[in-house]
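Structure record follows, encoded as structure tokens.
The values are calculated or read from the model by the stated rules, or taken from the named source; none is laboratory data. Keep in mind it's a predicted model, so treat the numbers as computed, not measured. Cβ sites come from the backbone with ideal geometry, for glycine too, and all protein chains shown count toward neighbours. Surface accessibility is based on the protein's heavy atoms, side chains included, excluding ligands, DNA and RNA. Shrake-Rupley method; radii C 1.70, N 1.55, O 1.52, S 1.80 Å.
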Amino acid sequence: MTDVCLGDVTAQLGGELIGPAERRINRIGPLEGATPSTLSFLSNPKYQSQLAETQAGCVIVAPAFREAAAARGAAIVTDDPYLYFARLTQWWARRERPAPPAGIHPSAVVAPTARIGREVRIEAFVVVEDDAVIEDHAVIGSHCVIGQGARVGHSTRLAPRVSLLHGCSIGARGIVHSGVVIGADGFGFAPHQGQWVKIEQLGKVRIGDDVEIGANSCIDRGALDDTVIEDGVKLDNLVQIAHNVHIGAHTAMAGCVGVAGSARIGAHCTVGGGAGILGHLTLADHVHVSSMSLVTRSILQPGLYSGVFPIDDNKSWEKNAATLRQLHTLRERIRALEKKLMP
Amino acid sequence: MTDVCLGDVTAQLGGELIGPAERRINRIGPLEGATPSTLSFLSNPKYQSQLAETQAGCVIVAPAFREAAAARGAAIVTDDPYLYFARLTQWWARRERPAPPAGIHPSAVVAPTARIGREVRIEAFVVVEDDAVIEDHAVIGSHCVIGQGARVGHSTRLAPRVSLLHGCSIGARGIVHSGVVIGADGFGFAPHQGQWVKIEQLGKVRIGDDVEIGANSCIDRGALDDTVIEDGVKLDNLVQIAHNVHIGAHTAMAGCVGVAGSARIGAHCTVGGGAGILGHLTLADHVHVSSMSLVTRSILQPGLYSGVFPIDDNKSWEKNAATLRQLHTLRERIRALEKKLMP
Amino acid sequence: MTDVCLGDVTAQLGGELIGPAERRINRIGPLEGATPSTLSFLSNPKYQSQLAETQAGCVIVAPAFREAAAARGAAIVTDDPYLYFARLTQWWARRERPAPPAGIHPSAVVAPTARIGREVRIEAFVVVEDDAVIEDHAVIGSHCVIGQGARVGHSTRLAPRVSLLHGCSIGARGIVHSGVVIGADGFGFAPHQGQWVKIEQLGKVRIGDDVEIGANSCIDRGALDDTVIEDGVKLDNLVQIAHNVHIGAHTAMAGCVGVAGSARIGAHCTVGGGAGILGHLTLADHVHVSSMSLVTRSILQPGLYSGVFPIDDNKSWEKNAATLRQLHTLRERIRALEKKLMP
């Protein structure tokens, strides 16, 4: 277990330390359940009341809570406690799990024409095909497949069991979680006499820098042009990105989202879990879609959009759902009443 | 093909046999389509009429159907025919596919510091990292990754291509299907100047005994504390469990369910396919959620909850959906009429 | 980069060439953004106006557009331009990425009792278990598992990291994308004293000819009988097919669809992304389900069916959703008004 003193923390991460620099903590944790060896944080003012009660050995707070936090013992004061907390977890993770050593496991099958950068780690049972490029400091987890001509950017880490298929690329400092498939064929067929004739998918997937992709998510290659994921995009687990989708920079999508072909999503958007976006639509920058809503038309104005049937006890739902199927008729009846009453 | 006599069945599994103990059957099957060598069962009284017509060589029935079943030939009478059927399939499966032999495939890469129990089977191309623990009688399918310090309990079976990542654990007698990812990073970021700063996920996943996890499902590690799946939980395929979720004992979730971060689900709950549960909510024990419903608030009373737009032919749906977008206005119009009419 | 002349194209694929046979093109692309070395196509008359503006070196058109296309330079005239385009991509793909050579990678673990056909390719780290059958010209991508007694048909290609588990089969000319799991256990349990008793899944998965299955999709084995996917079915990514489902020929399902146990889907159906179909239902041939709709009852008439809450700006949605929860009451109020006004 890692054990650090508060002075080490602020020496690394900045912030104003109030209280004993030599106090030692061995855990980062929420205010609730904290112990004297826990370093905690208050990022949301609505949890302010927990500040008085927590047993945490130190609390990271915004300037507004300086006095309250200091009064109860040690505090680190910083403009953005949540950001400070994020950076703290990064420093902590590097201490707890130092980067594993570089090197190519003897079981890996690396094509002679592949170009492998400096300080790269390639784990057991990896396949790197012809003309693939692995840039410096990249990590390729066990059982990954790096297809022909694919490219992994500087310091990008692939967890075990990732497929980055032929010609696809990801930029620098990316994180790809286990089970991800990048570059499977898009879903394209021409109907012909009741059957489907395959449209070979000739495009690629191009992913920018600082992108994170969650476990078992899929990003299909484009039909003719490429599928594009811009810098800083974050995708959660089990997300489906169809062929020729374009996702703007710093957009984030929660788990189980599906985006259909050729949709064009702006930058700085967020999409809630399980939501869907139909094909060929455009979403402007800063559009936010609620969980499990289906976007059926382009959205050109920033804002929050929702469309989900409100959950209820089953009996009430049944009554309302049954009525809903006659809603159009209800409107006609209201109209008839209005005509009669207010002609 | 397995071929057993009815006397063997009741010797193994109990129940009262009516009819010839030496009659041989070679298949378990539903009443419909059964042949004289089929052992069938009647668990739902609504299929009672099939009893007279089935060609099954023997039918497992509840006491209430003793006479009807006996009249047509052999029967096994038991209090809970469906439970009997379940146990019959277990016995049958052990006969048809005996457990493969223990042993470590020579291609597996097992760290010297890993602890491997007795009678463990580790298949081809498995990676077991430092300090991992595989308890007695466990089976690790080909291409699995058992991360640093991870633990697989007694008699638990991992199908091929499972990732159980560093520090995560599963208890005894579990079944994990192909493609599952346990312990990928939770989806956590601090927003900063329009970009996302990663919150390293320092927690683990802890899974209890007798848990089954369906193909390509994902269970993320906790941010600070752990993600917890209690004993007897059953998850179907393509289920997404986010960081710090807590699922109570014997809860079951059907395919494609998504549970967002820090949700706390009770014991003995069921969640229908494709349903979603938002983050930080609480579900009491014995809550049942209908397929494709989105739980947007805590549910503290047991019961069945639903929220899904009723399907209709597209033309009717279009009319009702269009009216739905003005529903609030309709209410106002009703109110106006009421005021006029019943002041 | 491939570089062909128009005469080669029509020599291979037919169609009437208008213009210079020696003109060279090196890219297939949409009308918009085309260059003089692009071969483009007009399949949807609504893009007709692009025909005059495009820079494409040649355009594939229907007879109705013969003059318009010829006037601007080269054209290929054919009855079904989209079908022609599909076949063009197939020819193009074979030129750009010729089939990799047959052979068994030395790292593959192939059981001596497995039967491997002629001109089969088995890539690195593949496991082929006892009594499995790989027919002629099949390709088994790296890290695939072909379970005991499983069968891969003639010319079928499995991408890397596919599980085809014991006893399951796929026919000829199929394509299975990375991460697919065929033959995991169906989700079947008998409830007993608040716990779940596993029903061993004794059936298999049988998949016909010319089937394509998208990345990370799952098809479960049947409980007693088999799960069946008929010829020509196309499944997109992250699709879940439960035990004992039967999917008729040439049906297509988009990404993230879930089909529950024992549903029987007709032939020539289409299911939109994220839609769900409950268990034990029947869908007739030529039924089409809109994206994210939940089918809760059998549909015996061909047609398009929908059921999804229309998306709206969040404020409007909130008001309408709140009203929706009292919809039944609104109907009662309308009825009361009607009684008063039109007794």
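Say a label goes 7 Å from Cα toward Cβ at B:Ala68 in every copy; what distances in nm does this one have to the rest, shortest first?
6.7, 6.8
Round to a whole angstrom and tell me the spacing of the C-alpha centers of the stretch C:218-281 and the stretch B:1-52.
30 Å
Answer rounded, prolate or oblate for the stretch A:218-343, using the Cα gyration tensor with square roots of eigenvalues a ≥ b ≥ c: rounded when a/c is under 1.5, else prolate when a/b is larger than b/c, else oblate.
Here the stretch A:218-343 falls in the prolate category.
Could you give me the ³J(HN,Hα) list for the stretch B:163-169, computed from phi with Karplus coefficients 6.51, -1.76, 1.60 and θ = phi - 60°, whole Hz, x at Gly and Pro?
Rounded to whole hertz, the list is 9, 10, 8, 3, x, 8, 9.
Taking every pair of distinct Cα atoms and averaging 1/r, then inverting, what Kirkwood hydrodynamic radius in Å comes out for the protein assembly as shown?
In the protein assembly as shown this quantity evaluates to 30.5 Å.
With each pseudo-label sitting 7 Å past Cα toward Cβ, what's the A:Lys339-B:Gln48 distance in nm, one decimal?
Placing both labels 7 Å along Cα→Cβ, they lie 5.2 nm apart.
In Å², nearest 100, what accessible area do chains A and C bury in total when the solvent probe is 1.4 Å?
Chain pair A/C: roughly 6000 Å² of buried accessible area.
Using a 7 Å offset from Cα along the direction of the beta-carbon, what are the separations from C:Asp79 to the same position in each other copy, nm, ascending?
Spacings between copies for this position, smallest first, are 7.0, 7.0 nm.
Counting only other chains, and only Cβ atoms inside 10 Å, what mean value do you get across the residues of B:71-82?
On the way: counts 0, 0, 0, 0, 0, 0, 0, 0, 0, 4, 1, 6.
Per residue, the number of nearby Cβ atoms from other chains is 1 on average.
Rounding to the nearest 20 debye, state how big the charge dipole of the protein assembly as shown is about its Cα centre with +1 on each Lys and Arg Cβ and -1 on each Asp and Glu Cβ.
2600 debye
Show the residues, 5+ positions off or on another chain, whose built amide H is closer than 5 Å to the amide H of A:Val128.
Amide H neighbours of A:Val128, under 5 Å, 5+ apart: A:Val109, A:Val110, A:Ala111, A:Ile146.
Which positions within the stretch C:274-294 get 30 Å² or more of their accessible surface covered by the other protein chains, compared to the chain by itself, with a 1.4 angstrom probe?
With the partner chains in place, the stretch C:274-294 has these residues losing at least 30 Å²: C:Ser291, C:Met292, C:Leu294.
Using C-alpha positions alone, give me the convex hull volume of the stretch A:4-96 per residue in cubic angstrom. Please list the in-between numbers first.
Details: hull volume 7.2 nm³, N = 93.
Spread over its residues, the Cα hull of the stretch A:4-96 gives 78 Å³ apiece.
Magnitude of the Cβ-charge dipole of the stretch B:4-96, K/R +1 and D/E -1, about the Cα centre, nearest 20 debye?
Working: 9 positive and 9 negative charges, 38 e Å.
That gives a dipole near 180 debye.
Amide H of A:Leu283: which non-local residues (sequence gap of 5 or more, or other chain) have their own amide H closer than 5 Å, using H built in the peptide plane?
A:Arg264, A:Ile265, A:Gly266, A:Ile299
For A:Lys315, list the aspartates and glutamates whose Cα falls under 17 Å from its own Cα; do not include residues on the same chain fewer than 8 positions away.
C:Glu332
Quantify how strongly other chains surround peptide C:230-241 by giving the mean number of their Cβ atoms within 10 Å of each of its Cβ atoms.
Averaged over the peptide's residues, the number is 6.
In nanometres, what is the gap between the two model label sites at C:Gln195 and C:Asp285, each 7 Å from Cα along Cα-to-Cβ?
4.9 nm
Averaged over all directions, how much area does the convex hull of the C-alpha atoms of the stretch C:56-164 cover when projected, in nm²?
Details: hull surface 34.4 nm².
Here the figure is 8.6 nm², rounded to one decimal.
In chain C, what is the volume of the convex hull around the alpha carbon atoms, normalised per residue and reported in Å³? Intermediate results must be reported in sequence, preceding the final value.
Details: hull volume 79.2 nm³, N = 343.
Considering the Cα atoms of chain C, their hull volume per residue is 231 Å³.
Given Cβ point charges of +1 (Lys, Arg) and -1 (Asp, Glu) and nothing else, what value in debye, to the nearest 20, does the dipole of chain A about its Cα centre take?
1020 debye
Past the 24 Å Cα-Cα mark, which pairs from B:Lys319/C:Lys46; A:Lys339/C:Lys340; A:Lys319/C:Lys339; A:Lys319/C:Lys198; B:Lys339/C:Lys339?
Where the Cα-Cα span goes over 24 Å, the pairs concerned are B:Lys319/C:Lys46; A:Lys319/C:Lys198.
Pull out a ≥ b ≥ c, the square roots of the eigenvalues of the alpha-carbon gyration tensor of the stretch C:301-343, then state rounded if a/c is under 1.5, prolate if not and a/b is larger than b/c, and oblate in the remaining case.
oblate
Give the share of C-alpha pairs in each 5 angstrom bin for the stretch B:151-288, from 0 to the last occupied bin, in whole percents, shortest bins first.
In whole percents, the pair-distance histogram is 3, 11, 20, 26, 19, 11, 5, 2, 1, 0.
Considering every residue in A:295-306, what mean count of other chain Cβ atoms within 10 Å of its Cβ is obtained?
3
Ignoring solvent entirely, what values of log10 I(q)/I(0) come out of the Debye formula for the stretch C:203-279 at 0.11, 0.16, 0.20 Å⁻¹ when each Cα is a single scatterer?
Log10 I(q)/I(0), no solvent term: -0.21, -0.45, -0.73.
Would you work out which of C:Gly194, C:Ile277, C:Val59 lies farthest towards the positive end of the dipole of chain C? Charges go on Cβ: Lys and Arg +1, Asp and Glu -1.
Farthest towards the positive end: C:Gly194.
Can you list, shortest first in nanometers, how far B:Gly279 lies from the same residue in the other copies, with each label 7 Å from Cα toward Cβ?
3.2, 3.2
Using θ = phi - 60° and the Karplus relation 6.51 cos²θ - 1.76 cosθ + 1.60, list the HN-Hα couplings for the stretch B:186-195 in order, rounded to whole Hz, with x at every Gly or Pro.
x, 8, x, 8, 9, x, 8, 6, x, 10
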